[in-house]
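Notes for the one structure printed next.
The values are calculated or read from the model by the stated rules, or taken from the named source; none is laboratory data. From a predicted model like this one, the values you see are computed outputs, not experimental measurements. Please note: Cβ atoms are built from the backbone with ideal geometry, for glycine as well, and neighbour counts cover all protein chains shown. In case anyone asks, the SASA skips ligands and DNA or RNA and just uses the protein heavy atoms, side chains included. Shrake-Rupley method; radii C 1.70, N 1.55, O 1.52, S 1.80 Å.
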Amino acid sequence: MEYRIGDFYDGKIGNYKLKKEYIFSYSFSPGLYNKLCKINLFVKSNLTYELFLFFYDQNQQSLESLKENPREARIHFYQESKLPFAIKQTLLEIVNPEFHLNDSYYNSKNTFGMLDRTSINAEINQEKKYFSIDLSLDTLDKNLFKTESELNFLKLIERTEDFLEKIRDFHMGTYE
């Protein structure tokens, strides 16, 4: 299955929102990063997920064939399964009426980084609330996360990133 934005989001460019059946999403797009792999994770309300990885096979048999058809090096990976228990437990702590996040957690020193355009975004889709948080390393100030909701959100992100890193490393490693 290929990733198509319209399968997961409603709205127009610049104003997308997760479709109702998804309660959480996490997207990572590398800038100057040692592992060039785009990641899109979508969690449904039944706590199953759909995961898309996109990266390039660095070990092509022939450089000439790669130049002729660069699509040969593209790897699209799709996985659908149940969430790991730790992520599921943390997500269930968040999906409640008391959960709240601010609009942004930008740092005051370097809102827009010049060198690295790594993009990390997470979205929480509740029945009456919607949160979209930019987690990019050059803009985020984790010291601004202070409430129980905010700290639980950071715990969710940390557990999600650990989980995704293992999956990414395993699948990229099979092409090394």
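For region 3-22, how many residues meet the condition of being touching a strand residue (DSSP E or B) at 6+ places or on another chain (Cβ under 6 Å) and open to solvent by 50 Å² or more (accessible area, probe 1.4 Å)?
Counting residues in region 3-22 that are touching a strand residue (DSSP E or B) at 6+ places or on another chain (Cβ under 6 Å) and open to solvent by 50 Å² or more (accessible area, probe 1.4 Å) gives 6.
With the requirement that a residue be open to solvent by 30 Å² or more (accessible area, probe 1.4 Å), closer than 23 Å to Glu21 by Cβ and under 18 Å from the mean Cα position of the chain (by Cα), what does region 115-156 give you?
Residues of region 115-156 open to solvent by 30 Å² or more (accessible area, probe 1.4 Å): 115-117, 119, 121, 127-130, 132, 134, 137, 141-144, 146-148, 151, 154-155.
Those left that are additionally closer than 23 Å to Glu21 by Cβ: 121, 127-130, 132.
The answer is Asn121, Tyr130, Ser132.
Filter region 29-42 down to the residues that are at pLDDT below 80 and either within 16 Å of the chain's Cα centre (by Cα) or charged (D, E, K, R) (or both), then identify the one that is least open to solvent (accessible area, probe 1.4 Å).
Step one: filter region 29-42 for residues at pLDDT below 80, giving 31-35.
Those left that are additionally either within 16 Å of the chain's Cα centre (by Cα) or charged (D, E, K, R) (or both): 31, 33, 35.
On the way: Gly31: 24, Tyr33: 78, Lys35: 65 Å².
Step by step, filter region 29-42, then rank; the result is Gly31.
Name every residue in region 157-176 that is closer than 15 Å to Ser29 by Cα and open to solvent by 70 Å² or more (accessible area, probe 1.4 Å), in order of residue number.
Result: Glu165, single match.
Which one of Ser62, Ser81, Ser45, Ser25 is closer than 19 Å to Ser132 by Cα and either open to solvent by less than 60 Å² (accessible area, probe 1.4 Å) or modelled with pLDDT of 95 or more (or both)? So that I can check it myself, show each step before the final result.
Values: Ser62 fails: closer than 19 Å to Ser132 by Cα; Ser81 fails: closer than 19 Å to Ser132 by Cα; Ser45 fails: either open to solvent by less than 60 Å² (accessible area, probe 1.4 Å) or modelled with pLDDT of 95 or more (or both).
Result of the check over Ser62, Ser81, Ser45, Ser25: Ser25.
Look through Glu127, Glu123 and report the one residue that is part of a strand (DSSP E or B) and either at pLDDT below 90 or charged (D, E, K, R) (or both).
Numbers: Glu127 fails: part of a strand (DSSP E or B).
So the residue among Glu127, Glu123 that is part of a strand (DSSP E or B) and either at pLDDT below 90 or charged (D, E, K, R) (or both) is Glu123.
What number of residues within region 103-120 satisfy the criterion of being under 19 Å from Glu150 (Cα atoms) and at pLDDT 85 or above? Break it down stepwise before answering.
First, pick out the residues of region 103-120 that are under 19 Å from Glu150 (Cα atoms): 103-108, 120.
Narrowing further to those that are at pLDDT 85 or above: 120.
Number satisfying all stated conditions: 1.
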